[in-house]
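First up is the structure itself, then whatever we jot down about it.
The values are calculated or read from the model by the stated rules, or taken from the named source; none is laboratory data. Being a predicted model, the structure only gives us computed values, none of them experimental. As a convention, Cβ positions derive from the backbone with ideal geometry for all residues, glycine included, and neighbour counts pool all protein chains shown.
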Amino acid sequence: MRLRFSFCLMLLYFSTSAQQDLSSKISDSLHKDPFLNTIEQSLDLFYKDYAADIGLDSIQKELDSFSPEAPKVSDEMICERLGKINQMTPFQLDCNASTISVIKYFLEKRKGFIKVVLGRSPLYFEMFESKLSEYGLPIELKFLSVIESGLRPQVKSRAGALGLWQFMYRTGLYFGLKENSYIDERMDPVRATDAACRYLKKLFDIYGDWNLALAAYNAGPGNVNKAIRRSGDKKTYWEVRPYLPRETQGYVPNFIAATYLMTYYKEYNLIPTKVNIHKAHIDTFCFKSGIHMGTISKVIDWPLEDIKALNPVFKSTFIPKSDPPFCLSGPHKKITLIAGIEDSLMSLEHSIYGTDEVKIKQVYVMDSITGDTITKSLNVYYHKVQSGDLLKNVANHYGVTPEKIMSWNGLKTSNIYIGQHLRIETEKKVTPPKPKPAPIRKYYSVRSGDTFGHIAEKHRVSQSKLRKLNPRININRLSIGQKIRIR
């Protein structure tokens, strides 16, 4: 769903972001073509998972090869196999020049992508099938996430669609997916899947045809309705297709191709890639208080990158306090350890982040002149990020570089957020900046004869400013004793 979505009076839009390359050998993640962008980002993230241990060249070579040699399959055989799938699904998986062309494209140019999504499918397909069954939807819809995100919650489109099901920001909000400074539930596999099921069910209720429902998922009902009118009120996707946006013209063929290859991959000797963790081994633990992933990583020897990879819903390495509480996903053994030492974890969290006390760190360095080993003391601060803070300004205050702060805190970018605690080591003795006092709110009680304009003039505040301070007040119906915020 990369364009627009509208129901009756509702019009929803999308937002955007970008991925960083692993190295110069990895392609630009944000490809101009939305579907190729999904493929490239999915492969780039796969390379990143394994390149440090195996080597990028070896991974690419393995993905781009068949073992053993793939058999040649005629167009007639492809159509026959699609016919067999059609007998078991309410979808109409048409076999025509467009779908055969996409299937061959995958086999000739993107077989590595199919291997990767086959390997990742055990992480999500069981959960997808459960949710689809709950809503009475066709099981084949699980393959939609393959062409939407390559089964990667972190994939983002140029337009801003995000997550396994590529929800835009406002569309996500409409279906109950929250986003704030700490979390983005579009990247939560379970919540996003539930939202996608509800969205797809609505679309099918509108069109009564699954191919048109898929087209609307991609382009938005508004664009599909426009295409239907331009086609002379045709009722099937293939009749309406020439009038749809270019991307959407390829969307259903992409879905049919993914369904075909994910079903008949063995006939092409496509071997699924291995993934580090199978969903069957995943467990969860819910924290009553906020905690940094770094604290967990230190105590139970669980790499921070692995924690983040299994919990994409969190924007940073901080798990905030919430009601109901946020839960951390991880291997059963790690979660069992956490459950047994929760009190110790929270004590360590408080000792690191819950105090403004300056700690002293002893380091051993070599004297550049004598060559002797000497002891040097560093002051260790934990700076709490306040509104308006920029990383470069924090670095200047403590006399260090932004790059050092990023290194000490495992940051990949210079983005920081309010409430974040930054570890800083410096030889200087620095007075940490005091938290900014909360703004004082001042109110005025409405008296007989008062008008909104009179109140604004009396307190030397513009009416537009007064409206912003009181967004829920009906300025034409003030009542005596009503409280109006003026500061």
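Tabulated values for the structure
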| quantity | calculated |
| --- | --- |
| Subset of segment 232-263 (residues that are among the polar types (S, T, N, Q), surrounded by fewer than 22 Cβ atoms within 10 Å (Cβ to Cβ) and closer than 19 Å to Met88 by Cα) | Thr263 |
| Search result, residues across segment 250-274 that are farther than 18 Å from Ile39 by Cβ and either at pLDDT 85 or above or in the same structural domain as Trp238 (by TED's automatic domain parsing) (or both) | Thr263, Tyr264, Lys266, Glu267, Asn269, Ile271 |
| Within segment 183-219, tally of residues that are of a type in the set (S, T, N, Q) and free of Cβ contacts under 8 Å to residues at least 40 places away in the same chain | 0 |
| Condition check for Thr431: at pLDDT 85 or above and among the hydroxyl-bearing types (Ser, Thr, Tyr) | no |
| Options Lys412, Lys483: the member that is in contact (Cβ under 8 Å) with a residue 40 or more places away in the chain and surrounded by fewer than 11 Cβ atoms within 10 Å (Cβ to Cβ) | Lys412 |
| Single match in Ser101, Ser130 (criterion: in contact (Cβ under 8 Å) with a residue 12 or more places away in the chain, assigned to a helix (DSSP H, G or I), assigned by TED's automatic domain parsing to the domain that holds Ala213 and surrounded by fewer than 24 Cβ atoms within 10 Å (Cβ to Cβ)) | Ser101 |
| Filter result for Leu162 (in contact with a helix residue (DSSP H, G or I) (Cβ under 6 Å, 6 or more places away or on another chain), touching a residue at least 40 places away in the same chain (Cβ under 8 Å) and either under 30 Å from Asn311 (Cβ atoms) or not charged (D, E, K, R) (or both)) | yes |
| Scope segment 319-352; condition assigned to a strand (DSSP E or B) and either surrounded by fewer than 20 Cβ atoms within 10 Å (Cβ to Cβ) or over 21 Å from the mean Cα position of the chain (by Cα) (or both); matching residues | Cys327, Pro331 |
| Options Arg191, Arg241, Arg230, Arg170: the member that is among the charged types (D, E, K, R), within 24 Å of the chain's Cα centre (by Cα) and over 16 Å from Val313 (Cα atoms) | Arg170 |
| Residue among Arg191, Arg186, Arg229 that alone is part of a helix (DSSP H, G or I), in the same structural domain as Val155 (by TED's automatic domain parsing) and surrounded by 23 or more Cβ atoms within 10 Å (Cβ to Cβ) | Arg186 |
| So Arg447, is it in a loop (DSSP other than H, G, I, E, B) and either on the phi > 0 side of the Ramachandran plot or in the same structural domain as Phe314 (by TED's automatic domain parsing) (or both) | no |
| Yes/no for Phe125 being over 24 Å from Asp194 (Cα atoms), among the aromatic types (Phe, Trp, Tyr) and assigned to a helix (DSSP H, G or I) | no |
| Pairs where the first residue, in segment 287-313, is closer than 13 Å to Ser347 by Cα and in the same structural domain as Ser344 (by TED's automatic domain parsing) and the second is crowded, with 16+ Cβ neighbours inside 10 Å and hydroxyl-bearing (Ser, Thr, Tyr), C-beta under 7 Å, 6+ apart | His292/Thr317; His292/Tyr353 |
| Subset tally (residues that are among the β-branched types (Val, Ile, Thr) and over 26 Å from Ile416 (Cβ atoms)) for segment 142-183 | 3 |
| Within segment 138-160, considering residues that are modelled with pLDDT under 90 and of a type in the set (A, V, I, L, M, F, W, C), the one farthest from the chain's Cα centre (by Cα) | Ala159 |
| Set Thr295, Thr284, Thr259: member being outside any loop (DSSP other than H, G, I, E, B) and touching a Cys at 6+ places or on another chain (Cβ under 6 Å) | Thr284 |
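Matching residues to (1) small (Gly, Ala, Ser); (2) modelled with pLDDT under 75; (3) closer than 30 Å to Leu123 by Cα:
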position: Leu328; (1), (2), (3): no, no, yes
position: Leu348; (1), (2), (3): no, no, no
position: Val363; (1), (2), (3): no, yes, no
position: Met366; (1), (2), (3): no, yes, no
position: Gln386; (1), (2), (3): no, no, no
position: Tyr417; (1), (2), (3): no, no, no
position: Arg423; (1), (2), (3): no, no, no
